[in-house]
Amino acid sequence: MKRIHILIVAILSIILFQGCAVKSNVQKREVTLKKSIPQGGMWIPSLLKGMNEAEMTLLGSKLTADDIYNVNKSSLKDAIGHFNGGCTSEVISNQGLILTNHHCGFGQIQSHSSLENDYLKNGFWAKSFKDELPNKDLFVEFIVCIDDVTNQILNGISDDMNEKTKKQIINKNIEKAKKNAKKEDWQLTKVKSFYKGNQYFLFVTEKFEDVRLVGAPPSSIGKFGSDTDNWVFPRHTGDFSLFRIYADENNRPAKYSENNKPYKPKHYLPVSLDGVSEDDFTMVFGFPGRTNEYLPAVAIKHITEEFNPSNIAIREKALKVIDSYMKKDDAIRIKYASKQARIANYWKKWIGENQGIKKSNAIAKKQEFEQEFVKQIDKKGLNPEYKKLLPKLEKLYKEYAPINIKRRNFIETFLVNNELLKMCFKIYQFQWGQIPESFSTDIVKHKNVLYNNLKSIHKNYDKNVDFEVFKAIMPLYTKNVDTSIYDTTILTDFAKIEKLFNYSSSVLESVDLIYKTLLADKAFQYAKPFIDEYYKEINPKFVEKNTEIESVLKQYMKAQMEAIPNARYFPDANSTLRVTYGKVKGYSPRDAVYYTPVSYLEGIIEKYIPNDYEFDVPEKLRDLYYAKDFGQYADKNGKMPVCFLGTNHTTGGNSGSPAIDANGNLIGLNFDRVWEGTMSDMNYDPEICRNIMVDIRYVLFIVDKYAGAKRLIDEMELVHPKK
């Protein structure tokens, strides 16, 4: 299969480092830059020379492509870490201090919290290195280099092969490319696909697994506004937390050890005290999770008019129950804090996504693009098979829609919102048939995995909350609702589970009893037919249809780039390192309303509701406000900035990403998008889409004036680039 070429002029730049070479030219093409400078897109940092570098310069950047990504010397990419595989973090000192969002570190903050030491409620600030708290399984991963391996991965692939054969060859080639990659012993490799599987890159990485909690504000700051303010502006959330990377004596990745030392980074970000003004250049550098910018109109219509609404309804019911319990019981608040935030996040995101798609008229615009696509096929004499792609997708999505909805509804009900059903699902996976007379260590492994799964669920579990959630959401999935299972199951009582798993010292006898007891449990018996249906009917049909759709979308991606080569093509997000650039900018969400791009501490005071779960404000923060004791962190008008807006194209995974100024300094911390702008996962529109960032001066103000953690300020490099 030939590589895609969408270039008018190819500029090949090969930079070698430990065997990693930058050879792709997909992003590099000459353009006629207009007064309206293009924005949007999540660009591969190794491929910024040419078009992207020119666009950034016109937006006000003073950075070169080499300043951002370089394998021969330190560059900005060396300060950007993938935080625990789901967020982004950045190094902000020469002692491995890293910054990320409060919600990204929420699980770790929660794990160290108790009623006696409620770090969620009161915050946490390590007074010295020895007070910094280790975190099991937490990691930060840095990119060493990126290499285009498309030719290697697609070697041996032909168009007449079926998808199964293609996948087998591609997987074999991926393993070979990873094995042959030149790297150091402590480094890792991964291969990711781009442009719907038309291009592949290999990443060499370094993964640090000793990451310790250093500081976190109380949730009344780090989560201020909670669900009410989530995905909206004006925002007043100090969504940040601080961790530190530790390394071995050679400054290399290592498991936790008391002998480890603070990591000495290749690069760290200086911190700007000068703040932002409207139209300032902003660059967000991070690991965006997933986008689908090149879907056909029929797919967007299905997602926003069918798929999203059904899942919104389930989460809405669950949240109503959880919120009511959290507001009246502190123990439940601590248990359910992380879970509630996770459920609420996408519930509100889906609502805003639907609104944005409608407001931007995205479906009609996609249909216009598709009409032009068909015209250009004829005009350019391209492969006539391309004209069959959109009708194929129309037919496939009609068949796919009901099974996609059913599958996601199952996941929402059994895995996301209800814990008893989740336990039943884990037990179902535990089954392996009759216990053999002679057993292998696999049985012991299965037993331990199930026990740890159940124990993990019960760590943050309340039977009454779960029961009310079950009553609320189960009728949305089935008419067969049996609430009596909560009275007869042992699964809601961890003491009974623990007794069962420790019944006998004989592994065979113990496993046999566990197997028989759990499979006979009334809750499991109730859930089993639904799980059977999922595994035997729903998921296989979903996989079948989804595979067909992915195959056609891959062809459609290639066809679009041939038919309309001058369109703006950037690869969809796939949790790999990306650059997105834009400006500080306000926006108008609806008629006669305009939001200026910066919010201030006075807005927190305006929203303040004493003892409210979402809008309480700590007394010390109120005192600092009334005394106007902002230190060196106030703006030129003496006000304390909190958050600001930008036109950067972000998504999930960009949480914690640094907002970087024109000179490469840290000015903010990305954490959210405006409500209507969440549609940027499918349709980026610079008129509507805005990302929300914590102003770094507010972060410093909280660390210094509120927490008194001056030792952390002292290890940062504070700069005044505008002066």
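The values are calculated or read from the model by the stated rules, or taken from the named source; none is laboratory data. The shown structure was predicted, so the numbers you read here are calculated from the model rather than taken from an experiment. Cβ coordinates were reconstructed from backbone atoms using ideal geometry, including for glycine residues, and neighbour counts include every protein chain displayed.
Descriptive notes on the structure:
- Filter result for LYS335 (touching an Asp or Glu at 6+ places or on another chain (Cβ under 8 Å), at pLDDT below 95 and either under 23 Å from LYS545 (Cβ atoms) or among the charged types (D, E, K, R) (or both)): yes
- Residue list for segment 275-306, restricted to those being more than 24 Å from ASN354 (Cβ to Cβ) and surrounded by fewer than 18 Cβ atoms within 10 Å (Cβ to Cβ): SER277, GLU278, ASP279
- Qualifying positions in segment 79-100 - on the phi > 0 side of the Ramachandran plot and surrounded by 24 or more Cβ atoms within 10 Å (Cβ to Cβ): GLY96
- Listed by first and then second residue, the pairs linking a residue in segment 217-236 that is under 13 Å from MET693 (Cα atoms) and assigned by TED's automatic domain parsing to the domain that holds VAL694 to a residue that is crowded, with 24+ Cβ neighbours inside 10 Å and basic (Lys, Arg), with Cβ atoms under 8 Å apart and 6 or more places separating them unless they lie on different chains, are TRP231/ARG673; PHE233/ARG690.
- Residue ID - surrounded by the most Cβ atoms within 10 Å (Cβ to Cβ), chosen from residues in segment 112-157 that are in contact with a Phe, Trp or Tyr (Cβ under 7 Å, 6 or more places away or on another chain) and of a type in the set (Ser, Thr, Tyr): THR150
- Residue check for GLU278: closer than 30 Å to TYR608 by Cβ, out of contact with any Leu (no Cβ under 7 Å at 6 or more places or on another chain) and either touching a residue at least 24 places away in the same chain (Cβ under 8 Å) or in the same structural domain as GLY81 (by TED's automatic domain parsing) (or both): yes
- Failed item in (1) hydroxyl-bearing (Ser, Thr, Tyr); (2) crowded, with 19+ Cβ neighbours inside 10 Å; (3) over 26 Å from SER193 (Cα atoms), with THR64 passing the rest: (2)
- Residues that are closer than 17 Å to VAL191 by Cβ and in contact (Cβ under 8 Å) with a residue 40 or more places away in the chain, drawn from segment 153-170: ILE153, LEU154, ILE157
- Meets criteria (farther than 26 Å from THR291 by Cα, aliphatic (A, V, I, L, M) and buried (at least 24 other Cβ atoms within 10 Å of the Cβ)) for ILE696: yes
- Matching residues, segment 94-128, being more than 10 Å from LEU213 (Cα to Cα), over 20 Å from the mean Cα position of the chain (by Cα) and among the aromatic types (Phe, Trp, Tyr): TYR119
- Any pair with Cβ under 7 angstrom, 6 or more apart, that starts in segment 410-438 at a residue that is closer than 14 Å to THR517 by Cα and outside any helix (DSSP H, G or I) and ends at one that is modelled with pLDDT under 95 and of a type outside the set (D, E, K, R): ILE435/LEU508; ILE435/VAL511; ILE435/TYR515
- Residue within segment 106-126 that is among the small types (Gly, Ala, Ser), out of contact with any helix residue (DSSP H, G or I) (no Cβ under 6 Å at 6 or more places or on another chain) and either at positive phi or outside the structural domain of TYR256 (by TED's automatic domain parsing) (or both) present: yes
- Residue identified as free of Cβ contacts under 8 Å to residues at least 40 places away in the same chain, touching a helix residue (DSSP H, G or I) at 6+ places or on another chain (Cβ under 9 Å), surrounded by fewer than 21 Cβ atoms within 10 Å (Cβ to Cβ) and part of a helix (DSSP H, G or I) among THR547, THR517: THR517
- Filtered residues of segment 158-171 (kept if surrounded by fewer than 18 Cβ atoms within 10 Å (Cβ to Cβ), over 26 Å from LEU577 (Cβ atoms) and among the basic types (Lys, Arg)): LYS164
- Qualifying position, being of a type in the set (S, T, N, Q), in contact with a Phe, Trp or Tyr (Cβ under 8 Å, 6 or more places away or on another chain), assigned by TED's automatic domain parsing to the domain that holds PHE414 and closer than 29 Å to GLN110 by Cβ, among ASN453, ASN464: ASN464
- Count of segment 343-397 residues which are surrounded by fewer than 17 Cβ atoms within 10 Å (Cβ to Cβ), under 34 Å from the mean Cα position of the chain (by Cα) and not in a helix (DSSP H, G or I): 1
- Filter result for ILE667 (touching a helix residue (DSSP H, G or I) at 6+ places or on another chain (Cβ under 6 Å) and surrounded by 24 or more Cβ atoms within 10 Å (Cβ to Cβ)): yes
- For segment 200-209, the criterion of being surrounded by fewer than 20 Cβ atoms within 10 Å (Cβ to Cβ) and within 24 Å of GLY123 (Cα to Cα) is met by at least one residue.
- Selection within segment 596-655: residues that are among the hydroxyl-bearing types (Ser, Thr, Tyr) and in contact with a helix residue (DSSP H, G or I) (Cβ under 6 Å, 6 or more places away or on another chain). The member of this set that is nearest to THR576 (Cα to Cα) is THR651.
- Taking the listed residues GLY646, GLY582, GLY603, the one that is under 18 Å from HIS236 (Cβ atoms) and in contact with a His (Cβ under 8 Å, 6 or more places away or on another chain) is GLY603, with no other qualifying.
- Filter pass, SER599 being among the small types (Gly, Ala, Ser), in contact (Cβ under 8 Å) with a residue 12 or more places away in the chain, in the same structural domain as THR282 (by TED's automatic domain parsing) and farther than 22 Å from PHE285 by Cα: yes
- Neighbours by Cβ (under 6 Å, 6+ apart or cross-chain): first from segment 605-622, among the acidic types (Asp, Glu); second modelled with pLDDT of 95 or more and in a helix (DSSP H, G or I): ASP616/SER220
- Filter result for the condition that a residue is out of contact with any His (no Cβ under 7 Å at 6 or more places or on another chain), more than 21 Å from LEU273 (Cβ to Cβ) and surrounded by fewer than 17 Cβ atoms within 10 Å (Cβ to Cβ), over LYS620, LYS639, LYS628: LYS620
- Spans of strands (runs of 3 or more DSSP E) in segment 635-723 with at least 1 residues of a type in the set (Asp, Glu): 666-673, 691-695
- Residue match in segment 209-218 (condition: in a loop (DSSP other than H, G, I, E, B), of a type in the set (Asp, Glu) and either touching a Leu at 6+ places or on another chain (Cβ under 8 Å) or farther than 19 Å from PRO45 by Cα (or both)): yes
- Residue check for GLN340: under 20 Å from the mean Cα position of the chain (by Cα), polar (S, T, N, Q) and under 30 Å from ILE473 (Cα atoms): yes
- For segment 667-678, the count of residues that are over 17 Å from TYR346 (Cα atoms) and more than 20 Å from the chain's Cα centre (by Cα) is at least one.
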